[in-house]
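Enquirer: First the structure, then my questions, so here it is.
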Amino acid sequence: MNDTEEDILKRGFDEYREFVNPLIAERAKLAGEPFRIMGVENGRLREKDGLVFDDFHGTQAFGHKNPHIVEAMKRFLDSDAASWYPSRVNPFGGRLARRLCERSGYYDNAFFGCTGSDAVEAALKLARALTKRPVILGLDGAYHGCSFGSVSLMAKGYLRDPFGPFLEGARLIPFGDIDALKAALVPGDVAAVVVEPIQGEGGVRELPSAYLEALCDLTERHGTLLVADEVQTALGRTGRGFLGTQHWPRRPDAVLLAKHLGGGLMPLSAMLTKRDLFERAYGAHFASGEAHNTTMGFNALSCVAGLAALDLLTEDLIAKVRDDGLYLKKALKTSLERLSLFREVRGAGFMLGISLKTPSHPWLSFEHFGFPELAHHSAVSPVVCHRLYRRGFYCFTCGHDWSVFRIQPRFDIARERLDTFVGAVAEEIARVEELS
């Protein structure tokens with residue numbers, strides 16, 4: 001068996017199509033995505049044809065294969081330290097938990113998983129175990145992951161509908177509707193409300209300040225856990241601090257982290273909460289302390305990557321994200337407001353979204369492209385993203401709103417590159433206007 005890197009890069013993409021997911025492979029080909037990635041150059045990706053592009057997907061906040069994180073992992077692998085501890089008492093997990101809690105300025109307990117979905121499941125089980133209540137609330141437009149608990153809180157559509165029946169007690173309430181929130185909490189049977197500070201797949205929609213006030217007050221008043229899914233918004237991504245929720249009227253009872261927590265190299269997620277809540281939920285006896293667990297969620301190599309990522313995530317870097325995010329948002333608005341397809345720029349820091357109007361011309365529709373089953377989706381964002389790929393920028397369309405595409409660059413990206421991006425977006429949207 002020839003398992004050299006050269007052979008894998010030569011044949012592995014086609015093997016993925018054959019043995020893993022032919023539908024994803026076909027979508028990437030049809031969309032013109034630069035998926036045959038042959039290497040990394042200074043944190044950017046190099047495609048087979050030589051195109052080097054910036055990944056705006058959001059998982060690589062420190063750039064692909066950041067040298068500091070790579071070196072930390074190499075040092076660990078060259079040592080004789082164990083990576084997996086059968087007792088689950090992992091010193092590297094202990095150190096990462098301490099640093100996360102200290103950086104949060106509030107939480108004093110951490111649970112580690114591999115994915116954002118793992119963190120969501122940990123929060124749902126914590127809420128049920130603690131409150132003994134049946135109902136879990138989410139907001140319309142939400143995306144919390146792909147496990148059954150998280151899918152049960154998913155907005156209706158192709159990412160959710162095939163998998164019913166869903167978690168008993170899981171319900172969605174309207175986004176930003178204070179009266180609906182009040183009504184849902186009155187019966188006293190709600191264990192938790194799970195929210196994203198800024199909905200990603202929902203179209204980069206930020207929770208209104210008045211709703212946040214009501215959410216924090218009402219959940220506390222009714223004894224309901226407030227869970228903030230910060231998988232996309234935390235760790236400096238919005239430029240609003242280490243956690244995007246640290247300036248809320250009250251701290252959430254649990255906050256969920258993932259994405260670049262593992263430095264872009266290792267799968268790692270976390271649920272941060274208060275030790276008192278954790279012990280009340282799981283402290284009936286020693287055996288119940290392991291009632292919720294993940295086998296590889298506490299592996300040391302992921303924690304080493306997480307510790308190295310925290311080294312890089314300085315307050316100065318977060319301030320840079322805030323300032324560069326404001327710069328980029330203003331530049332996009334100034335450059336795009338003359339275009340008839342442009343609606344608005346949304347979001348904060350380096351979690352931005354460009355909302356576009358859908359032209360009425362029949363050319364710019366999925367029916368025209370031969371996909372009548374997708375006729376209810378806007379084709380404008382996928383088309384613009386397709387055109388940006390060849391300009392060296394990998395943006396992607398929001399899963400629940402195909403008229404919006406997200407912008408989540410690496411944190412150290414230069415302003416000159418942001419300027420190039422703004423120019424490319426303006427030119428490509430203008431070109432789509434001409435074509436339509």
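The values are calculated or read from the model by the stated rules, or taken from the named source; none is laboratory data. As the structure is a computational prediction, the values presented were derived from the model and not from experiment. Cβ sites come from the backbone with ideal geometry, for glycine too, and all protein chains shown count toward neighbours.
Enquirer: Could you say whether any residue in the range 13-22 is at negative phi and in a loop (DSSP other than H, G, I, E, B)?
Expert: The answer is yes; a qualifying residue exists.
Enquirer: Hey, does the range 222-240 have a residue that's farther than 20 Å from GLY149 by Cβ and assigned to a helix (DSSP H, G or I)?
Expert: No, because not a single residue in the range 222-240 is farther than 20 Å from GLY149 by Cβ and assigned to a helix (DSSP H, G or I).
Enquirer: Being touching a helix residue (DSSP H, G or I) at 6+ places or on another chain (Cβ under 9 Å), modelled with pLDDT of 95 or more and not acidic (Asp, Glu) narrows it down to one of VAL304, VAL321, so name that one.
Expert: VAL304
Enquirer: Report yes if some residue within the range 54-75 is closer than 18 Å to LEU307 by Cβ, among the hydrophobic types (A, V, I, L, M, F, W, C) and in a loop (DSSP other than H, G, I, E, B); otherwise report no.
Expert: yes
Enquirer: Right, here's the next one. Can you name the residue in the range 47-91 that is crowded, with 19+ Cβ neighbours inside 10 Å and polar (S, T, N, Q) and is also nearest to the chain's Cα centre (by Cα) among such residues?
Expert: GLN60
Enquirer: Could you look through the range 155-172, keep only residues that are modelled with pLDDT under 95 and touching an Asp or Glu at 6+ places or on another chain (Cβ under 9 Å), and pick out the one that is surrounded by the fewest Cβ atoms within 10 Å (Cβ to Cβ)?
Expert: Once the filter is applied, the top-ranked residue is LYS156.
Enquirer: A follow-up question, please. Hey, can you tell me all the residues within the range 388-427 that are more than 13 Å from ASP54 (Cα to Cα) and touching a His at 6+ places or on another chain (Cβ under 7 Å)?
Expert: Correct list: TRP402 only.
Enquirer: A further question follows. When you scan the range 173-207, how many residues do you find that are over 13 Å from THR224 (Cβ atoms) and loosely packed, with under 14 Cβ neighbours inside 10 Å?
Expert: The number of residues fulfilling the criteria is 3.
Enquirer: What helices (runs of 4 or more DSSP H) completely inside the range 85-183 contain at least 1 residues that are closer than 18 Å to VAL195 by Cβ and touching a Ser or Thr at 6+ places or on another chain (Cβ under 8 Å)?
Expert: 116-131, 148-151
Enquirer: So, in the range 213-240, exactly how many residues are within 20 Å of ARG410 (Cβ to Cβ) and surrounded by fewer than 24 Cβ atoms within 10 Å (Cβ to Cβ)?
Expert: 2
Enquirer: If you don't mind, another one. So which of GLY105, GLY113, GLY94 ends up being out of contact with any His (no Cβ under 6 Å at 6 or more places or on another chain), buried (at least 18 other Cβ atoms within 10 Å of the Cβ) and not basic (Lys, Arg)?
Expert: The conditions single out GLY113.
Enquirer: Sticking with this structure for a sec: Applying the selection to the range 241-256, what residues are buried (at least 24 other Cβ atoms within 10 Å of the Cβ) and either hydrophobic (A, V, I, L, M, F, W, C) or in a strand (DSSP E or B) (or both)?
Expert: Correct list: LEU243, ALA254, VAL255, LEU256.
Enquirer: Now for a different question. Can you name every residue in the range 257-297 that is closer than 18 Å to ASN90 by Cα, outside any helix (DSSP H, G or I) and either touching an Asp or Glu at 6+ places or on another chain (Cβ under 6 Å) or modelled with pLDDT under 90 (or both)?
Expert: SER269, ALA291, HIS292, ASN293, THR294, THR295, MET296, GLY297
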